[in-house]
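*Asks:* Just passing along the structure, written as structure tokens.
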Amino acid sequence: MSAPAAATWWPHSLTTRRLLLRPVERADVPVHRRMWTDAEVRRHLGGPVDAEVVRARERLCVGARGLLSVVRRADGRVVGSVLLEPDARNGRTEVSYQLLPEHWGHAYAREAVSAVAEWAQAAVPGRDLVAVTQEAHTRSRRLLEDLGAVAVEEFVEFGSPQVLYRLSAAAV
């Protein structure tokens, strides 16, 4: 994986063996719209996003700081997204991710989250990096645990039990 100098907070792009993680481009918007509105993608994320919110996101997502399209290097196809939000959870940086269902099971999420976590922890050493997932979302929990994340808090948010994981620099 290549990463920019640690002095900059947000990377322009990250490259892994199979993926390019880069800022959202105008041509990516339909894929992001689909992720925001797809019932299967949103099953553990509070359900499909309201149409008015989708329209606002469409206007704001291109080049948005912290939001990366996950692009398959082999064919340039956008398969998902990763979001890195500094100070999202009481001063902790949160990483979140979603992929289109037809790209599940290929370890793209693992590769993308690992790359972003590694970059973030190198860029801002000592800063807590966390991820939150619904307690019922076993695939996401397994992914985080496979990356060495540790469950540190349980709570209810958006009407569902959630688990907050801390990712340590040594683990990713």
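The values are calculated or read from the model by the stated rules, or taken from the named source; none is laboratory data. In this text, all values refer to a predicted model and were calculated from it rather than measured experimentally. Positions of Cβ are backbone-derived with ideal geometry, glycine not excepted, and every protein chain shown enters the neighbour counts. Each accessible area value is taken on the protein alone, full model and side chains, heavy atoms only, with ligands, DNA and RNA left out. Shrake-Rupley method; radii C 1.70, N 1.55, O 1.52, S 1.80 Å.
*Asks:* If I filter region 77-87 for residues that are touching a Phe, Trp or Tyr at 6+ places or on another chain (Cβ under 6 Å) and open to solvent by less than 20 Å² (accessible area, probe 1.4 Å), do I get at least one hit?
*Replies:* Within region 77-87, the first condition is being touching a Phe, Trp or Tyr at 6+ places or on another chain (Cβ under 6 Å), and the residues that meet it are 79, 82.
Cutting the leftovers down to open to solvent by less than 20 Å² (accessible area, probe 1.4 Å) gives us 79, 82.
So far as region 77-87 goes, yes, one or more of its residues are touching a Phe, Trp or Tyr at 6+ places or on another chain (Cβ under 6 Å) and open to solvent by less than 20 Å² (accessible area, probe 1.4 Å).
*Asks:* Then there's this: Val71 fails exactly one of the following numbered conditions: (1) surrounded by fewer than 19 Cβ atoms within 10 Å (Cβ to Cβ); (2) at pLDDT 95 or above; (3) of a type outside the set (Phe, Trp, Tyr). What is the number of that condition?
*Replies:* Of (1) surrounded by fewer than 19 Cβ atoms within 10 Å (Cβ to Cβ); (2) at pLDDT 95 or above; (3) of a type outside the set (Phe, Trp, Tyr), only one is false for Val71: (1).
Yes/no per residue for (1) at pLDDT 90 or above; (2) touching a strand residue (DSSP E or B) at 6+ places or on another chain (Cβ under 6 Å); (3) not aliphatic (A, V, I, L, M):
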| residue | (1), (2), (3) |
| --- | --- |
| Glu111 | yes, yes, yes |
| Ala115 | yes, yes, no |
| Pro125 | no, no, yes |
| His137 | yes, no, yes |
| Leu144 | yes, yes, no |
| Val156 | yes, no, no |
| Gln162 | yes, yes, yes |
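*Asks:* Follow-up question, since we're still on this one. Does Leu99 satisfy being closer than 17 Å to Val71 by Cα and modelled with pLDDT of 95 or more? Please lay out each step first, then the result.
*Replies:* On the way: closer than 17 Å to Val71 by Cα: yes; modelled with pLDDT of 95 or more: yes.
Considered against the rule, which asks whether it is closer than 17 Å to Val71 by Cα and modelled with pLDDT of 95 or more, Leu99 comes out as yes.
*Asks:* At least 3 residues that are under 20 Å from Gly46 (Cβ atoms) and among the acidic types (Asp, Glu) in each: list the strands (runs of 3 or more DSSP E) lying fully within region 87-172 that qualify. Walk me through how you get there before you give the answer.
*Replies:* Values: elements: 92-99, 129-134, 150-157, 160-167.
Filter on region 87-172 gives 150-157.
*Asks:* If only one of Gly91, Gly105 is over 14 Å from the mean Cα position of the chain (by Cα), open to solvent by 10 Å² or more (accessible area, probe 1.4 Å) and without any contact (Cβ under 8 Å) to a residue 24 or more places away in the chain, which one is it? I'd like the intermediate steps shown before the answer.
*Replies:* Values: Gly91 fails: without any contact (Cβ under 8 Å) to a residue 24 or more places away in the chain.
Exactly one of Gly91, Gly105 is over 14 Å from the mean Cα position of the chain (by Cα), open to solvent by 10 Å² or more (accessible area, probe 1.4 Å) and without any contact (Cβ under 8 Å) to a residue 24 or more places away in the chain, namely Gly105.
*Asks:* Quick test for you: out of Arg33, Arg59, Arg43, pick the one residue that is assigned to a helix (DSSP H, G or I) and surrounded by fewer than 15 Cβ atoms within 10 Å (Cβ to Cβ).
*Replies:* Details: Arg33 fails: surrounded by fewer than 15 Cβ atoms within 10 Å (Cβ to Cβ); Arg43 fails: assigned to a helix (DSSP H, G or I).
That would be Arg59, the only listed residue that is assigned to a helix (DSSP H, G or I) and surrounded by fewer than 15 Cβ atoms within 10 Å (Cβ to Cβ).
*Asks:* Right, something else. Are there any pairs, at least 6 apart or on different chains, whose C-beta atoms fall under 7 Å, with the first in region 45-72 and over 26 Å from Arg139 (Cβ atoms) and touching a residue at least 24 places away in the same chain (Cβ under 8 Å) and the second surrounded by 12 or more Cβ atoms within 10 Å (Cβ to Cβ) and of a type outside the set (A, V, I, L, M, F, W, C), and if so, which?
*Replies:* What qualifies is Glu58/Arg33; Val62/Glu25; Gly63/Pro23.
*Asks:* Can you pull out the residues in region 131-149 that are within 20 Å of Ala112 (Cβ to Cβ) and open to solvent by less than 80 Å² (accessible area, probe 1.4 Å)? Step through it out loud before you land on a result.
*Replies:* Of the residues in region 131-149, the ones within 20 Å of Ala112 (Cβ to Cβ) are 131-134, 137-149.
If the condition is that a residue be within 20 Å of Ala112 (Cβ to Cβ) and open to solvent by less than 80 Å² (accessible area, probe 1.4 Å), then Ala131, Val132, Thr133, Gln134, His137, Ser140, Arg141, Leu143, Leu144, Leu147, Gly148, Ala149 are the ones that fit.
*Asks:* Please state which of the following conditions Gly66 fails to meet, knowing it meets all the rest: (1) at negative phi; (2) surrounded by 12 or more Cβ atoms within 10 Å (Cβ to Cβ).
*Replies:* (1)
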